[in-house]
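These notes concern the structure reproduced below.
The values are calculated or read from the model by the stated rules, or taken from the named source; none is laboratory data. Note that the structure is a prediction, hence the values are computed from the model and not measured. All Cβ positions, even for glycine, are placed from backbone atoms using ideal geometry, and neighbour counts span all protein chains on display.
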Amino acid sequence: MRGVLLDLDGVVYVGDQPVPGAPETIHWLAREGIPHAFLTNTTSRPRQAVIAKLAGLGVAAGAEQILTPAVSAVAWMRRHSITGPAVFVPEATAEEFAELAPLAGDAERGAGAVVIGDLGDGWTFATLNRALRLLMSDPAIPLVALGMTRYWRAEDGLRLDAGAFVRALEYAASRAAVVVGKPDPTFYGAAVDALDLRADQVVMIGDDIHTDIEGAQRAGLAGVLVRTGKFSPSDIGCGVVPDAVLDSLADLPRRWTDL
Ligand SMILES: [Mg+2]
């Protein structure tokens, strides 16, 4: 293996706490000159906030190393000449969509696309229902999913992620979403390109057996599962077989030559 893609939530940190030894492993990657980037489905915060959070853990990362679905979604909509998307993400993340002039306020029609991210506590019945009404107002409006992660582990326990809400809307509106985050193979392909390597030279390290491990393997990468974050013993034997399992990211330097 030549390069590394790292999931963030549950791998590098859980809530505001670093996973013990994870920052040291990232320092090791930098020292060894191993190309690496962070591949996250996080849409609860913009890239600049992710960079600031990593800096707070003593990890220096440039914007080009933080690969998020919001950035991919903007690129996808630009390619399809879509403007005025209705964006269901927290206010801070909505800034990432500014160049597409997002639909303002509570409009229930006229969106160029309906974009679903991790709105977290911002979800209410009315909010989710507005997404449905926008979709039903015009069968041509694409439903864009910022990743299909089912849930993640916050400091207080598991929390529903964007994928669960996307599935609800797909069912209600009888429409399949365009997925622009993990586990979409295009997202993995763009990440591999960003490292300037081939897929079979890159290992994805994550705590989600589906979006991280299965998604990476389907895109031709190796998938390494960590026993931190949302990891559950039932992930082993669920039908997806990781290329390796590490107790945590702290073990990577010791196991690197085996990968
Ligand atoms: Mg994770």
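Restricting the stretch 38-63 to residues that are outside any loop (DSSP other than H, G, I, E, B) and within 15 Å of the ligand (Cβ to nearest atom), which is surrounded by the most Cβ atoms within 10 Å (Cβ to Cβ)?
Leu39
Taking the stretch 19-55 on its own, how many of its residues are closer than 23 Å to Pro90 by Cα and touching a residue at least 24 places away in the same chain (Cβ under 8 Å)?
Total satisfying the criteria: 14.
For the stretch 190-209, state whether one or more residues are assigned by TED's automatic domain parsing to the domain that holds Val11, charged (D, E, K, R) and within 16 Å of the ligand (Cβ to nearest atom). Give the steps one after another, and end with the answer.
Residues of the stretch 190-209 that are assigned by TED's automatic domain parsing to the domain that holds Val11, as a first pass: 190-209.
With charged (D, E, K, R) added as a condition, the list becomes 193, 196, 198, 200, 207-208.
Then drop every residue that is not within 16 Å of the ligand (Cβ to nearest atom), which leaves 207-208.
Yes, the stretch 190-209 contains at least one residue that is assigned by TED's automatic domain parsing to the domain that holds Val11, charged (D, E, K, R) and within 16 Å of the ligand (Cβ to nearest atom).
Hey, can you tell me all the residues within the stretch 1-18 that are touching a residue at least 60 places away in the same chain (Cβ under 8 Å), closer than 27 Å to Gly220 by Cβ and near the ligand (Cβ under 10 Å from one of its atoms)?
Scanning the stretch 1-18 gives Leu6, Asp7, Asp9, Gly10, Val11, Val12.
Working carefully through the options Ala164, Ala168, find the one that is farther than 20 Å from Gly223 by Cβ, under 17 Å from the mean Cα position of the chain (by Cα) and among the hydrophobic types (A, V, I, L, M, F, W, C).
Exactly one residue qualifies, and that residue is Ala164.
With respect to Gly229, is the statement that it is within 11 Å of the ligand (Cβ to nearest atom), modelled with pLDDT of 95 or more, assigned to a loop (DSSP other than H, G, I, E, B) and more than 15 Å from Trp256 (Cα to Cα) true?
Yes, satisfied.
Please go through (1) within 16 Å of the ligand (Cβ to nearest atom); (2) at pLDDT 95 or above; (3) over 16 Å from Asp212 (Cβ atoms) for Ala22 and return the number of the only condition it doesn't satisfy.
(3)
Looking for something at pLDDT below 95, aliphatic (A, V, I, L, M) and exposed (fewer than 15 other Cβ atoms within 10 Å of the Cβ) - is there at least one such residue anywhere in the stretch 250-259?
Yes, the stretch 250-259 contains at least one residue that is at pLDDT below 95, aliphatic (A, V, I, L, M) and exposed (fewer than 15 other Cβ atoms within 10 Å of the Cβ).
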